[in-house]
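Some notes on the structure that comes next.
The values are calculated or read from the model by the stated rules, or taken from the named source; none is laboratory data. Bear in mind the structure is a predicted one, so any value in this text is a computation, not a measurement. Heads up, the Cβs are rebuilt from the backbone with ideal geometry, glycines too, and the neighbour counts pull from every protein chain shown.
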Amino acid sequence: RTLYVAHRVEVPDGKIICGVAHSDFSDAAAVLPEDNDSADLVLAIADGQVSEPLRRGRFRRLPHTVVWSWIRGMFSRKLRIAAFTLIALLVVSSAVHTILVQNVVWYDSLYYTLLTAAGAGDPEVNGSSGWEKIIQTVLMLSGIALVPVVTAAVVDGMVGARLAVTVGGLRDSTSEHVVVVGLGNVGSRVVARLHDLGLPVVAIDQDSSATGVRIANERRIPVILGDATREETLRAARVDSCRALIAVTSDDVKNLETALGARSMTTDLRIVLRLFDGDLAARIQRHFGITASRSVSYLAAPHFARAMVEPGMFDSIPVGRRVLLFADFQIGRGSDLDGAPVSAAHIPGKARVIALAADSDADALWPPPDDRVLTAQDRVVVLATRDGVGRMLARTDRPLGD
């Protein structure tokens, strides 16, 4: 399950697991209040649908933006520059011809320009002025250059579409997505979490047999096979129109090169970088304008320490200046909670049961009903403070795995 904390007004009632806190943190009972409905910060379950806060803005895309996005995705930057330069020459030549030649209207000049560029015009050497000869020469040279440009555009579009099918490129005008570079153990989990939150994702990896490729294919997430340090790979992933890029390969140098390459393409792009060394990650974040640079080992160390000190603890979330722990307990036979309803297991301000799984149940209940009677060997997942974890340990006899 993918869980996240959000304001109550931002989450449909059917997705709320429990109330977490009052956002003002005005009193000691602000965390895990007794009245579950009074908390305005809630723990919610992600089901793949985007809630409004996860969007950067809802708007209807205008037709010209859709066309431009399609052109930008289908053709390379150099090809677009060449085509627009030739078109600009034709337009300028037509305008100059209209201004300099007397008794000629604009549509006649346009007709003359197109015929000359296509090589179908009949040049008049003796009856033309100097300006007309210059314009005619420019148009004929532009027409000669226009033929290979059109041919290159057709070939580039066909090859790009074929590659999109064979190696996972994007064929539509994808935008406002998250690009994840690296589909190893970390990247595959990041891709799965983002997909569960309903965010559009595009993944990049060089290895078609990487762990996350299968996960991405199961979720129908586009995967581009290529070197993320190369501009054409980032362009194929639509980095110039994405909302964020996350580089989480096991190679620090590659992650940094990818981040800098993406930054050169889009200056305001949000970038999250994975690095092994925590001090290096902090320095790179400060000096290279990276949105967030984190060391996986540095982030994981507190969880290992808590797992050793706090029995049954497997994750944590910060809430204001406090930390709430996720812990897994097994109801011991003859314990205080054996035969008690779920409501009796809640400790206001300390702990709350958010999931329950019995031996005979295939799936856990998220959240369990308050009148559900707990029996020996039931497993409960609890969101609690550190003191709440200790009290739940005493009431359940022993945690799972002890």
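Out of region 178-227, which residues are in a helix (DSSP H, G or I), closer than 19 Å to Leu256 by Cβ and among the hydrophobic types (A, V, I, L, M, F, W, C)?
Once the filter is applied, which keeps residues that are in a helix (DSSP H, G or I), closer than 19 Å to Leu256 by Cβ and among the hydrophobic types (A, V, I, L, M, F, W, C), region 178-227 yields Val186, Val190.
Which condition does Leu325 not pass, out of (1) modelled with pLDDT of 75 or more; (2) part of a strand (DSSP E or B); (3) surrounded by fewer than 19 Cβ atoms within 10 Å (Cβ to Cβ), if it passes all the others?
(3)
Go through region 228-246 and give me each residue that's closer than 14 Å to Gly261 by Cα, among the polar types (S, T, N, Q) and in a helix (DSSP H, G or I).
Thr233 - this is the single residue of region 228-246 that is closer than 14 Å to Gly261 by Cα, among the polar types (S, T, N, Q) and in a helix (DSSP H, G or I).
Can you confirm whether region 231-244 contains a residue that is over 15 Å from the mean Cα position of the chain (by Cα) and either closer than 23 Å to Leu275 by Cα or β-branched (Val, Ile, Thr) (or both)?
Yes, region 231-244 contains a residue that is over 15 Å from the mean Cα position of the chain (by Cα) and either closer than 23 Å to Leu275 by Cα or β-branched (Val, Ile, Thr) (or both).
Could you list, in sequence order, all residues of region 268-299 that are of a type outside the set (D, E, K, R), surrounded by 17 or more Cβ atoms within 10 Å (Cβ to Cβ) and part of a strand (DSSP E or B)?
Hits for region 268-299 are Ile271, Val272, Leu273, Leu275, Ser293, Ser295.
Out of all the residues in region 171-185, is one or more among the basic types (Lys, Arg) and modelled with pLDDT of 90 or more?
Looking for residues that are among the basic types (Lys, Arg) and modelled with pLDDT of 90 or more, one finds none in region 171-185, hence no.
Of the residues in region 244-267, how many are surrounded by fewer than 16 Cβ atoms within 10 Å (Cβ to Cβ) and in contact (Cβ under 8 Å) with a residue 60 or more places away in the chain?
1
Please work out which residue is nearest to Pro33 (Cα to Cα), limiting yourself to region 345-381 and to residues that are at pLDDT below 85 and among the aliphatic types (A, V, I, L, M).
Ranking the candidates gives Ala364 first.
For region 184-230, give me each residue that is within 17 Å of Lys254 (Cα to Cα) and within 14 Å of the chain's Cα centre (by Cα).
Gly187, Ala203, Ile204
Is there a residue being crowded, with 19+ Cβ neighbours inside 10 Å, at pLDDT 80 or above and in a strand (DSSP E or B) anywhere in region 331-344?
Taking every residue of region 331-344 in turn, at least one turns out to be crowded, with 19+ Cβ neighbours inside 10 Å, at pLDDT 80 or above and in a strand (DSSP E or B).
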